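Just so it is clear, none of the values below were taken in a lab; they were calculated from the coordinates. In this text, all values refer to a predicted model and were calculated from it rather than measured experimentally. Cβ placement follows ideal geometry from the backbone for every residue including glycine, while neighbour counts extend to all protein chains displayed.
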Amino acid sequence: MGIQKPFLDSFTTKELMEFIDRYTEDHVVPQMSNHSQAECGLLARFWGFGYSREWSQDEIKILTQQYHKLGAEETAQLLSLRSPLDCVSQAKRLGLRTAVKRQRNGGTPWMLWEIEIVEKYYPIIGAKVSILLPNRSELACKTKAVELELTISRVQWSENEIDLLKKYYPQIGLDVADFLPGKTRESIYRRAGLMNLAWNKRQFLIL
């Protein structure tokens, strides 16, 4: 599937989908009965659930040193929380290049069940939906998502917008949209979930 992380091996595809569904519903990193808290934490961080997706200096150092000679696939193996497409995107930002070509394995016709998984989970976890599709690469999933006109809900947020969300969402919930022009209530809801922000509805009613 183009993304090989040791902590992923202990999860079945059914468990991975359950993990996403539970987080999307509750906005709390789920604890799975058959998995340690550490494994669940790594999975959540890999998907960006409740954690910053910013690259650390150590990660950037590894990418800078290895990307040119190893390419995206092998460099991703050195970075436990990054996928090949993560490496490609960050390398472009840093102006890094490699002569190693990415693996392509999306040439076979798509099955209906595969398309349904992409439609449901791509907006949440992006090209990492390939984890749920053993015979599809990140690139193949991204290409299919573009074909289906799907978008990733986790849009870019400025530091000022993040500060406003932290300050007001717990007090007024989705009405914070009044302070965030350009952000939909759906994107605010998803971003608040990724940041583990909760709306104190009781306090809102009292006010």
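Details
- When each of K5/K69; K144/K166; K5/K101; K14/K166; K61/K120 is checked by Cα-Cα distance, pairs over 25 Å: K144/K166; K14/K166; K61/K120
- For region 117-131, putting each phi into the Karplus relation 6.51 cos²θ - 1.76 cosθ + 1.60 with θ = phi - 60° gives couplings of 5, 4, 4, 7, 9, 4, x, 9, 10, x, 5, 5, 4, 4, 4 Hz, in residue order, rounded to whole numbers and with x for Gly and Pro.
- Correct option for Kirkwood radius over Cα pairs in Å [calculated from the coordinates] among [x] 16.9; [y] 17.5; [z] 18.5: [z]
- Entry note: region 54-134 has Rg to Rh equal to 1.03, where both radii use alpha-carbon atoms and Rh is the Kirkwood radius.
- Between 0 and 90°, nearest 10: helix 84-94 axis offset from the chain longest Cα axis: 80 degrees
- Label-point separation in nm, E74 to T184, each point 7 Å along Cα→Cβ: 4.2 nm
- For L94, neighbours were defined as the other residues whose beta-carbon sits under 12 Å from its Cβ, and their charges (Lys and Arg +1, Asp and Glu -1) total +3.
- Hull-based mean projected area of region 1-76, where the convex hull spans the alpha carbons, in square nanometres: 5.7 nm²
- Exposed trypsin sites (Lys or Arg not before Pro) absent: longest stretch of the chain, with sites in DSSP loops and at most 12 other Cβ within 10 Å deemed exposed: 105-207
- Modelled FRET efficiency - R0 30 Å, V28 with L164, Cβ distances, 0.05 increments: 0.85
- Phi to ³J(HN,Hα) by Karplus 6.51 cos²θ - 1.76 cosθ + 1.60 over region 67-75, Hz, x for Gly, Pro: 4, 4, 8, 9, x, 5, 4, 6, 5
- Label sites at M17 and S89, each approximated as a point 7 angstrom past Cα along Cα to Cβ, lie 2.4 nm apart.
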